[in-house]
Amino acid sequence: YEFSTPGLINDVRDVDRTSIWRGGVGIGIPIFDGFNAKGQIREAKAPEGQVGHTLRRQELDVIVDVEEAIQLASQANERIHVTTDALAVAGEDLKFSEETYNLGSGTVIELIDAQVALTRARSEYVSALADFRYALANLRRARGERF
């Protein structure tokens, strides 16, 4: 708005009919925004792309976790087979050492060594069983199973 008068105003009573009052309203509409809208659209879509990449990375992490858990379970299973064989051999060795000792051709040291070997074989077998159980639990966790 605008107000003008032909002379100086000392008092409000000086405003008379010769004074001019003007008013107006204006609207600004941008016709060209310098491709700002396209930039804003791309900026708004960027988090969506980031979420997609994050989701894919997490999927790949789960796949790797499952494959590692399968490998560990397979290795633990193989270790059970190896320790079972070692346990059988240690048991046979102990029997042989006991027989040779009882016949007088073996020494106490050979007998004790065979007993120690059997104890170690049992310990390794139990350790292999525990590792296998742990690997199975880890595999279930990697697959998202409840247990």
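The values are calculated or read from the model by the stated rules, or taken from the named source; none is laboratory data. Values in this document were obtained by computation on a predicted structure and should not be read as measured data. Virtual Cβ from ideal backbone geometry, glycine too; neighbours counted across all protein chains shown. Ligands, DNA and RNA are stripped out before the accessible areas are found, and what is left, the full protein with its side chains, is counted by its heavy atoms. Shrake-Rupley method; radii C 1.70, N 1.55, O 1.52, S 1.80 Å.
Worth pointing out:
- Residue-by-residue Karplus 3J(HN,Hα) for the range 97-108, coefficients 6.51, -1.76, 1.60, Hz, glycine and proline x: 5, 5, 5, 5, 5, 5, 7, x, 9, x, 9, 5
- Efficiency of FRET from Cβ geometry, THR84 and SER105, R₀ 35 Å, rounded to 0.05: 0.70
- Database remark: amide H of GLY106 closer than 5 angstrom to the amide H of TYR101 (H placed geometrically; neighbours at sequence offset of 5 or more, or on other chains; Pro and chain starts carry no H).
- In the assembled protein chains, ASP65 presents an accessible area of approximately 60 Å² (probe radius 1.4 Å).
- Options VAL126, GLN71, GLY49, ranked by Cα towards positive dipole end of the range 20-147, top entry (Cβ charges): GLY49
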